[in-house]
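Below is one structure, written out as C-alpha cells; the observations come after it.
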Amino acid sequence: MNRIFSGIQPTGNLHLGNYLGAIRNWVRLQSDYDCIFCMVDMHAITVWQDPKELVSSTREVAAAVLAAGVDPKASIVFVQSQVPGHAQLAWVFNCVARLGWLNRMTQFKDKAGKNRENASVGLFAYPNLMAADILLYKATHVPVGEDQKQHLELSRDIAQKFNNDFGVDLLPIVEPLIFGPATRVMSLRDGTKKMSKSDPSDKSRINMIDDADAIALKIRKAKTDPHLLPETPEGFDGRPEAANLMGIYAALADMAIEDVCARFGGWQFSKFKGELADLAVEKLSLIGTECIRLHNDPGYVDGVLRDGAARASAIAEPILREIYDAVGFLRP
C-alpha cells in the first residue's frame, strides 16, 4: 500500500479552514493508504511559541484530529519531536539542499517580511525539515495545498540530489495528492481575509470545539451583501462573502460550486444562511463535542501519541540507518 505522510502545526484553536483544508482529507485517506499523521511541533518553533501553550496546543490539535475521525489504530498519529529521526535527517538534508533553492521559497519571504535578517535559521531551513518528515518514512504521497506545493517540489529535488550524490536508489520521488479545487475558507466577518485563529473576533471563524448553537449563531451573523445569491460562479466577482458562504456549503455538502449556485441562486442570504447553518451543525457539532471530551482526557491523548511515536520510530529507524550508511556515517 502506498504511504502518506502529512503534518499539522499544533498552534491550537483549529477552525473550519483547518478541517476542510486538511483534517477531513486525512480521515478519507485512511482506507486507501498507509497513513502517518504528525503534530509538527518542531515546525511550530521556527517562530516563538510560549512553551506551556505549545504543550497544551499539541494535545488540543491531536484531540481535534482524533475527534474528526482519524483512527489511531488504522493510522499512526504522533508528535514530531518525539521521533528523533526528524531532526537527524533534517541535518543531512541541510547538507544536501542548496542555499539557492531555499532562497527561492516564497513562504519564507512572506513569513519573514521586512525582518528577514532577524528571522530564525529554522524558519529559513523549514523546507529541509519538511522533506525529512516525508522521506524519513519513504512516503510516496503527500496531500498538499497551494501554499505547500513549492516545499513539496523541494522535497523531490532533495530526494533526487541525494540519490544522485550517493549513487543510490533509496529515496522516493514523492507525488502530490491534490483534492480537486482547494477549499479556501475565508473569515465570516471579512470575505477578503482567510479564516484565522489569530483574528481577534471569535465570530470570524467556526472553531472545531464550537457547539451547535455557536455554529448556527456565527453563520447567521456572518457578513453578507445586499444582493441575491448568484446563479453561477461568475457572479462571485466583487462578492467575496457570497463566494465564501456558498463555497463553505459546497465543501460541507461535497457538491460542486456550480451545483450550489444552481440550487440557491436567486435566494436571499437570510434564507440560505438557515440551510448553511443546518448543514454545518449536522457535519461539525458532534466533532466539537468529541474534541472537548478528548481534551478533558489528556491521559488518553498522550497514550495515543506515545503509541504513535513508537510505531513511527519502528518505521523510521531502519530507513535512517540506510541513509546514514549511504552518507558514510560509521555504525555504532
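Looking at 25, 18, just one residue is outside any strand (DSSP E or B), within 24 Å of residue 155 (Cβ to Cβ) and either in contact with a strand residue (DSSP E or B) (Cβ under 6 Å, 6 or more places away or on another chain) or small (Gly, Ala, Ser) (or both), and that residue is 25.
The residue that is surrounded by the most Cβ atoms within 10 Å (Cβ to Cβ), among those in the range 189-203 that are in contact with a helix residue (DSSP H, G or I) (Cβ under 6 Å, 6 or more places away or on another chain) and touching a residue at least 24 places away in the same chain (Cβ under 8 Å), is 195.
Can you find even one residue in the range 113-136 that is of a type in the set (A, V, I, L, M), under 29 Å from residue 310 (Cα atoms) and touching an Asp or Glu at 6+ places or on another chain (Cβ under 7 Å)? Checked the range 113-136: no residue is of a type in the set (A, V, I, L, M), under 29 Å from residue 310 (Cα atoms) and touching an Asp or Glu at 6+ places or on another chain (Cβ under 7 Å).
Report whether or not residue 221 is within 30 Å of residue 155 (Cα to Cα), surrounded by fewer than 15 Cβ atoms within 10 Å (Cβ to Cβ), of a type in the set (Lys, Arg) and out of contact with any His (no Cβ under 6 Å at 6 or more places or on another chain). No, not satisfied. Can you give me the number of residues within the range 75-100 that are more than 11 Å from residue 125 (Cβ to Cβ) and part of a helix (DSSP H, G or I)? Summing the residues that are more than 11 Å from residue 125 (Cβ to Cβ) and part of a helix (DSSP H, G or I) in the range 75-100 gives 10. Counting only helices (runs of 4 or more DSSP H) that fall entirely inside the range 248-331 and contain at least 1 residues that are more than 24 Å from residue 179 (Cβ to Cβ) and at pLDDT 95 or above, the qualifying elements are 269-295, 298-327.
For the range 177-219, the tally of residues that are part of a helix (DSSP H, G or I) and of a type in the set (Gly, Ala, Ser) stands at 4. Being surrounded by fewer than 19 Cβ atoms within 10 Å (Cβ to Cβ) and touching a Pro at 6+ places or on another chain (Cβ under 7 Å), is that true of even one residue in the range 24-40? Yes - at least one qualifying residue is present in the range 24-40. The residues of the range 138-176 that are part of a helix (DSSP H, G or I) and among the charged types (D, E, K, R), listed by number, are 146, 147, 149, 153, 156, 157, 161, 165. Residues satisfying the criterion are absent from the range 291-305 (criterion: among the hydrophobic types (A, V, I, L, M, F, W, C), farther than 20 Å from residue 55 by Cα and surrounded by 13 or more Cβ atoms within 10 Å (Cβ to Cβ)). Scanning the range 39-74 for residues that are within 27 Å of residue 119 (Cβ to Cβ) and either polar (S, T, N, Q) or outside any helix (DSSP H, G or I) (or both) returns 39, 40, 45, 46, 47, 48, 49, 50, 56, 57, 58. The lone criterion from (1) within 28 Å of residue 16 (Cα to Cα); (2) modelled with pLDDT under 95; (3) over 17 Å from the mean Cα position of the chain (by Cα) left unmet by residue 176 is number (3). Considered as a group, the residues in the range 131-147 that are in contact with a helix residue (DSSP H, G or I) (Cβ under 8 Å, 6 or more places away or on another chain) and at pLDDT below 95 include one that is surrounded by the fewest Cβ atoms within 10 Å (Cβ to Cβ), and that residue is 147. From the residues in the range 101-133 that are touching a Gly at 6+ places or on another chain (Cβ under 9 Å) and part of a helix (DSSP H, G or I), which one is nearest to residue 329 (Cα to Cα)? The residue in question is 132.
The values are calculated or read from the model by the stated rules, or taken from the named source; none is laboratory data. Since we're looking at a predicted model, the values are computed, not measured. Neighbour counts are summed over all protein chains in view; Cβ atoms, including those assigned to glycine, are modelled from backbone coordinates with ideal geometry.
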